[in-house]
Structure formats: structure tokens, C-alpha cells
1. Can you give me the number of residues within the range 1-39 that are open to solvent by 40 Å² or more (accessible area, probe 1.4 Å), without any contact (Cβ under 8 Å) to a residue 60 or more places away in the chain and assigned to a loop (DSSP other than H, G, I, E, B)?
2. Among (1) surrounded by fewer than 18 Cβ atoms within 10 Å (Cβ to Cβ); (2) of a type in the set (Ser, Thr, Tyr); (3) closer than 30 Å to Gly34 by Cβ; (4) modelled with pLDDT under 80, which single condition is Ser131 missing?
3. Would you pick out the residues in the range 86-131 that are among the basic types (Lys, Arg) and either touching a Gly at 6+ places or on another chain (Cβ under 7 Å) or under 22 Å from Thr40 (Cβ atoms) (or both)?
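The values are calculated or read from the model by the stated rules, or taken from the named source; none is laboratory data. Please read these numbers as outputs of a predicted model, since none were measured by experiment. Cβ: placed from backbone, ideal geometry, glycine included. Neighbour counts: every protein chain shown. We work out accessible area using only protein heavy atoms, side chains counted, and drop any ligands, DNA or RNA first. Shrake-Rupley method; radii C 1.70, N 1.55, O 1.52, S 1.80 Å.
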Amino acid sequence: MNEEILYFIVCFLQPIILPLPEPVTIIGGSSILGPLKGATIGFTGTVLGIIVMFLIAKFARRSIINKIIDDKKIDKFNKYIQKNETIIILMLFVLPILPDEVICIGAGLAKMNSYKFIGIATMSKLVTSISLAYSLELINFNPIYIAISIVLIIGISIIKKIKLCIS
């Protein structure tokens, strides 16, 4: 299987079922494919995955959603977006506060307008995909810096997931 197709599949599945943070997938793909292809394919795959996950949450039965994510995380999400949903959803997608699947499920269950959600997701993922893909250029593609960055991103993600499970 070609690297581009595999990368697209990983980016598509990331907001649905893969426990990988977006920075890991985009930076990894960009280091192999280059920043332009990494950003383009990463953006396309991630946005399509977000749309699919949102639609699953919007139209699936609650019992199916509960198998993917627990009610405490959904309740926490709904508390975040009670006021100013547009800016909050945008910030949740840009800043790694919650995993993408939690944002998609929360917005779907909160009965957020589909067009508005997809617009926000598209704008935010355009920004994050481009900035993450070109971040390698900023650090001069030093493999040590990349390894340290990926370890830090994974470590922060694990700590945040542990905090979400505890609370």
C-alpha cells in the first residue's frame, strides 16, 4: 500500500477510532511526504473523519455512542460549550484539550447545526494541518527535535487522557 493512501486512512480514522493525537499523525506524515502533501492529505483525511464521527453521533442510537465514549466525557464536553459554542468548538479543535472524537460526539449529541459544525471543523483543521505540517521546517528537520516533540506530544496526550478518566 502506498504511503499516501496509508497516511490518509490513518488521518481519517484518527477522529473516529484511533487514540492518536492529530499532531503525531500530521507531523509524522509531513516528515515522510513533505509539508505540502502532509498538510493536504492530513487535512482532507481528518476533516472527512470528523464529519463521519459527527454524523454517527448525530444519528446513531445512544447505546452505540456509549460503547465509543462514556457519559462523563460527553457531559464534560457539554459544560464546555453551553455558552459561545462557535468559539469554544473552534478552540477545542485547535488546542489539544479534548480528543477529536469527544468533540464530534459532544457536538452531535448537543444537536449542533451540521453545517456550522463542519464549517468550524474545516477552518480549524486547515489551520492546525498547515501549522503542524510546516512545523518541521521551523525546527530545521532535526530528527532529535522531531523525536523529542513527538514524545512530548504523546506524553501530554496520555496525561490529559488520564486526567479525563479520573475526573
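1. 4
2. Answer for Ser131: the failing condition is (4).
3. Narrowing the range 86-131 to residues among the basic types (Lys, Arg): 111, 116, 125.
Within the range 86-131, Lys125 is the sole residue that qualifies.
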